[in-house]
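This report refers to the structure that appears directly beneath it.
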Amino acid sequence: MLPVLAKPNVCIRDRKRVEEIILSLQNGGASKLQIISDFDMTLTRFAHNGKRCPTSHNIVDTSRLISEDCRKMLKDLLDTYYPIEIDPSRSVAEKLPLMVEWWTKAHGCLVEQKIRKDQLEMAVRESDAMLRDGFKPFFDKLYEHSIPLVIFSAGIGDVLEEIIRQAGVFHPNVKVVSNYMDFDDNGVLRAFKGELIHTYNKREGALKNSGLFNQQTESRNIILLGDSMGDLSMADGVENTEIILKIGFLNDKVEERREQYLNSYDIVLVKDESMDVVNGILQHIIAKN
């Protein structure tokens, strides 16, 4: 077993199976690997020094770009719908229409604010958004070994791209599927592009964007990184998947959700604000090349 998997916050239901998957990934090497990852609270920190870190939506919600009325409405929406999103007692079917309702209302509110494209850089710079500790070796190592990283996010694509850009790790191997803002000729937000991506429709998004996952036909081995039940289907767009290792970050409501995560993810990282485990596994896979 890799030393990094012996950390006390690493939970694994079937260690033998995980060892076999990692060995198979190592045998396949970097040329057969791709990473499919959620963004908010997966590649970014959930909290820092006891304070919640913002998601790509929160960065806009709490910025100077919106009015006090809009900020209050977005906070009310969060307080209403976030507990539903993470409630393990509710089925996905039950949550689906409520998530659509949440995202649609939030996006509508933001469009009314006439946000300018050139204001996003400042909003990100002034925010407390933080990529997880160890993000730089993670992004750099993937780029160095030509391993595709597909980020699949229900957040705001323009904002998350800016976070990665400001961190200096937006390499050419990074592709993003997300909710992108649509700006008019004057650079003012007028709508959101395409079909809505929320926490629980990522499977449909994965299938629609299957071309993105299959650009490098050799990349049939997957490491999937997520922090919710909705993230588990992000790799469904990959054709002929050979091996998949699912790593879940359990950030919040740990005891209520531990069992559900252990039943769904191969490796569960409890309140871990770093990429250490992922980087350790990656290093092990790449070492053989």
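Annotations for the structure displayed:
- As a summary of the residue check, PRO172 satisfies the conditions (1) open to solvent by less than 30 Å² (accessible area, probe 1.4 Å); (2) modelled with pLDDT of 95 or more except for the one numbered (1).
- Yes/no for ASP118 being at negative phi, part of a helix (DSSP H, G or I), loosely packed, with under 14 Cβ neighbours inside 10 Å and under 18 Å from the mean Cα position of the chain (by Cα): no
- Counting only residues that are under 20 Å from the mean Cα position of the chain (by Cα), crowded, with 20+ Cβ neighbours inside 10 Å and not charged (D, E, K, R), the stretch 246-289 holds 15 of them.
- The set of residues in the stretch 1-58 that are among the aromatic types (Phe, Trp, Tyr) and within 28 Å of ARG220 (Cα to Cα) contains only PHE39.
- Test: residue in the stretch 127-150 that is hydroxyl-bearing (Ser, Thr, Tyr), in a strand (DSSP E or B) and either within 23 Å of SER37 (Cα to Cα) or modelled with pLDDT of 95 or more (or both): no
- All positions within the stretch 121-152 that are aromatic (Phe, Trp, Tyr) and open to solvent by less than 60 Å² (accessible area, probe 1.4 Å): PHE135, PHE138, PHE139, PHE152
- Number of residues in the stretch 1-38 that are in a helix (DSSP H, G or I) and touching a residue at least 24 places away in the same chain (Cβ under 8 Å) equals 15.
- Qualifying residue in the stretch 48-59 (condition: touching a Gly at 6+ places or on another chain (Cβ under 9 Å) and among the small types (Gly, Ala, Ser)): yes
The values are calculated or read from the model by the stated rules, or taken from the named source; none is laboratory data. These numbers come from a predicted model, not from an experiment. Backbone-built Cβ (ideal geometry, glycine too); neighbour counts: all protein chains shown. All accessible areas refer to the heavy atoms of the entire protein, side chains included, with ligands and DNA or RNA removed. Shrake-Rupley method; radii C 1.70, N 1.55, O 1.52, S 1.80 Å.
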